[in-house]
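Comments concern the structure below.
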Amino acid sequence: MSFRVVKVGGSLFKSNQIGTAVDRWLRQKSTKPTVLVTGGGIWADQIRRLDAETCLSSHQAHWLAVRAMSLTTILLANLMERSTWIQEYSELKFWLEHQQAIQGKKQRQAIAVFDTENFLQEVEPSAPGTELPKSWDVTSDSIAARLAEVTGADELILLKSIKASVDCPQTAAHDGIVDSYFPQIAAALRARAVPCRIETDKLMAPATSCDGPTDGNWVD
């Protein structure tokens, strides 16, 4: 089945038009089903700051940041009228199977906003491929890519607040455009000929068109 995974960068939630802007952006794409994964935004940023200043372990910080992604998932789902909010991986599989069954019959684009916490806890560690580290080396970039790998998506888009390229994932990671683990998972996707790219949208960008790396580390 043909479907895409799109990571909606957390920095884009600084825009009060995030729901309508994502919806408009998707209307410009082909109508194949789309699974949206959200970045943790300012909530994940604050967890990173606390991690640097307190005795949080990297494991604890990782799961708190994943919980922050759950918050932005709910927020985006509530701001997009034509989306379906999904929490459980089993529900996502059913949704994808349903989209395949009605392919050619539907008239409007199907959009799922997926909370990855259950997937990361119950499914991802034992799924084919390399398990994601539980550290700041992994952000929503690699989580979205891993979801694309496990579900068999045929396209991955990282929707961010800056114009950039992942033609060379190692360079993108070095420049703080994607997290440091992303090159490894991107290589696994490209081995299956799954295209990965970064896109941006001026209506979703924050007041400054180009965010600096979050806390000096990466651009969400």
Of everything in the range 120-144, what is surrounded by 24 or more Cβ atoms within 10 Å (Cβ to Cβ) and either at pLDDT below 95 or not small (Gly, Ala, Ser) (or both)? Give them in sequence order. THR139, ASP141, ILE143
Within the range 145-177, the count of residues that are at pLDDT 95 or above, not in a strand (DSSP E or B) and not basic (Lys, Arg) comes to 9
What about GLY41, is it closer than 16 Å to VAL138 by Cα and at pLDDT 90 or above? yes
Please go through the range 37-68 and give me each residue that is touching a strand residue (DSSP E or B) at 6+ places or on another chain (Cβ under 8 Å) and surrounded by fewer than 24 Cβ atoms within 10 Å (Cβ to Cβ), ordered by number. ASP45, ARG48
Evaluate the following for ASP179: is it acidic (Asp, Glu), in contact with a helix residue (DSSP H, G or I) (Cβ under 9 Å, 6 or more places away or on another chain), touching a residue at least 12 places away in the same chain (Cβ under 8 Å) and buried (at least 19 other Cβ atoms within 10 Å of the Cβ)? yes
Considering only the range 202-209, I want to know if a residue exists there that is surrounded by fewer than 20 Cβ atoms within 10 Å (Cβ to Cβ), among the basic types (Lys, Arg), within 25 Å of PHE119 (Cα to Cα) and at pLDDT below 95. no
Tabulated pairs, the range 23-37, first within 14 Å of MET1 (Cα to Cα) and assigned to a loop (DSSP other than H, G, I, E, B), second at pLDDT below 90 and of a type in the set (A, V, I, L, M), C-beta under 8 angstrom, 6+ apart or interchain: PRO33/MET1
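The values are calculated or read from the model by the stated rules, or taken from the named source; none is laboratory data. Predicted, not measured: the structure shown is a model, and the values here were computed from it. No Cβ is skipped: glycine too gets one built from the backbone with ideal geometry, and neighbour counts run over all protein chains shown.
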